[in-house]
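This report refers to the structure that appears directly beneath it.
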Amino acid sequence: MINIVTGGAGFIGSHLIDKLLHNGEQVICIDNFFTGNKENIYKHLNNRNFELIRHDVVEPIFLEADKIWHLACPASPVHYQYNPIKTAKTSFLGTYNMLGLAKRVNARILLASTSEVYGDPQIHPQPESYNGNVNINGIRSCYDEGKRIAETLCSDYRRIHNLDTRIVRIFNTYGPRMLPNDGRVVSNFVCQALQNKPLTIYGDGSQTRSFCFVDDLVNGLIKLMNSDLHDPVNIGSNYEFTIKQLAELVRKKTNPNLEFIFKPLPSDDPLQRKPILELANKELLWEPTTSLENGIDYTITWFKKIIQEDL
Ligand code: NAD
Ligand code: UDP
């Protein structure tokens with residue numbers, strides 16, 4: 001089985017590649033290394049089942065494959081807002097090119113979409129049937145609307161060309177291999193704590209997220225790819241925490257003397273987020289199994305190593 005993983009040098013993509021190779025599959029990793037890290041895939045370079053192609057998905061590519069895992073897209077607000085027009089191009093043209101490739105070689109394709117398609121949700125928790133509350137013109141729109149049009153393209157390729165598509169709406173995922181500078185809350189808090197810096201809480205910290213450990217997420221992606229579900233599926237954790245609770249947990253696990261500093265809440269920052277997981281539970285027999293306590297421990301251990309190596 002030949003798998004293409006776009007964005008395979010990134011955080012989630014590299015964990016997915018580890019698992020696919022472990023399962024004896026062949027993998028072609030496509031990445032432009034915008035937020036990808038060669039260290040994440042370095043260990044596979046001598047594996048005969050692994051190939052690496054530096055390529056930007058906004059350009060077409062001609063390859064053979066049975067399954068395409070389309071993850072290429074920056075995911076952290078800091079990175080996707082760095083060049084929002086490029087982010088929109090990556091979402092639209094990148095997905096268009098990968099759907100075209102899937103159609104040409106008759107491959108199954110999974111799109112990594114996001115809980116951001118729900119925007120700042122007015123329905124809580126969020127079922128897949130919720131159409132969302134997304135600002136069209138805000139600083140997060142390049143990403144949110146980019147993923148929405150990517151989903152639309154997938155659904156139209158399925159309707160018009162009978163393409164074998166899967167759409168996963170990923171909720172906040174964390175774990176080893178997040179970039180220390182990517183600005184996401186888990187990597188920020190853990191790196192700040194390990195350097196004895198105050199934890200930066202945006203707003204009053206009452207906004208919520210539901211944090212899923214990366215291994216759980218990857219198991220969900222594989223179950224979804226191997227299922228026959230064509231409609232979007234939420235994958236994530238349904239344990240909801242305020243950002244202040246997360247800060248308290250990181251402080252408890254690292255240094256009880258750490259201070260918090262409060263900074264302005266970025267615009268359009270969703271106030272709450274938690275998936276309804278009924279579809280994944282029932283149809284994929286999937287649920288997250290790693291508690292935030294344990295997942296944060298694994299993440300702290302990993303960042304400790306990274307920070308020490310950098311010193
Ligand atoms: P990441 O930034 O670590 O990985 C993205 C990868 O895509 C990187 O390796 C990057 O270099 C590559 N990439 C970006 N633009 C590209 C382009 N134009 N051409 C080729 N490669 C390109 O992010 P991640 O957290 O691993 O996210 C992976 C996917 O999952 C993304 O599509 C993201 O939108 C989605 N997702 C992630 C989360 C999360 O919490 N991590 C939540 C929702 C959705
Ligand atoms: N956040 C924070 N401090 C940080 C980084 C993020 O309080 O140093 C907040 C951010 O405003 C948001 C939440 O944490 O409310 C999650 O942010 P992240 O960028 O990780 O994910 P997203 O907003 O895309 O869900």
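The values are calculated or read from the model by the stated rules, or taken from the named source; none is laboratory data. Because the structure is a prediction, the values reported are computed rather than measured. Please note: Cβ atoms are built from the backbone with ideal geometry, for glycine as well, and neighbour counts cover all protein chains shown. Each accessible area value is taken on the protein alone, full model and side chains, heavy atoms only, with ligands, DNA and RNA left out. Shrake-Rupley method; radii C 1.70, N 1.55, O 1.52, S 1.80 Å.
Average accessible surface for the chain: 46 Å² per residue, computed with a 1.4 Å probe over protein heavy atoms with every protein chain in place.
Once you charge only the Cβ atoms, +1 for Lys and Arg and -1 for Asp and Glu, what is the size of the charge dipole of the chain about its Cα centre, to the nearest 20 debye?
So the magnitude is around 320 debye.
Give, rounded to the nearest 20 debye, the magnitude of the charge dipole that region 163-269 has about its Cα centre when Lys and Arg contribute +1 at Cβ and Asp and Glu contribute -1 at Cβ.
Numbers: 12 positive and 12 negative charges, 88 e Å.
It comes to approximately 420 debye.
Pair-distance distribution of region 229-311: all C-alpha pairs, bin width 10 Å, starting at 0; shares per bin in whole percent are 13, 31, 34, 17, 4.
Placing unit charges on each Cβ (+1 for Lys and Arg, -1 for Asp and Glu) gives region 62-196 a dipole about its Cα centre, and among H124, I170, I139 the Cα reaching farthest toward its positive end belongs to I170. Shown here for region 42-120: trypsin sites (Lys or Arg not before Pro) in loop regions (DSSP other than H, G, I, E, B) with at most 14 other Cβ atoms within 10 Å, namely R48. Note on region 196-210 and region 91-121: Cα centroid distance 31 Å, given to the nearest whole angstrom.
Candidates T152, N181, N234 compared by Cα position along the dipole of the chain: farthest toward the positive end lies N181, with charges placed on Cβ. Think of region 29-127 as having a plus end and a minus end, set by charges on the Cβ of Lys, Arg, Asp and Glu; of I68, S115, P84, I68 sits farthest toward the positive end of this dipole. Where q = 0.12 Å⁻¹, what log10 of I(q)/I(0) comes from the Debye formula for region 46-181, counting one point per Cα? With one equal scatterer per Cα and no solvent, log10 I(q)/I(0) is -0.51. Computed extension length for K43-N196: 51.9 nm, one decimal, from 0.36 nm per residue of separation with the Cα-Cα distance subtracted. Magnitude of the charge dipole for region 104-200, about its Cα centre and with charges confined to Cβ atoms of Lys, Arg (+1) and Asp, Glu (-1), is about 300 debye.
Which entries of K86/K223; K19/K274; K19/K43 show an alpha-carbon separation above 19 angstrom in the structure shown? Distance filter (> 19 Å) returns K86/K223; K19/K274.
Beyond 35 Å, how much of the Cα-Cα pair distribution for the chain remains, as a whole percent?
Here the tail beyond 35 Å accounts for 15 percent of pairs.
For chymotrypsin sites (Phe, Trp or Tyr not before Pro), the sites in region 40-101 that DSSP calls loop and that have at most 16 other Cβ atoms within 10 Å are F62, Y82.
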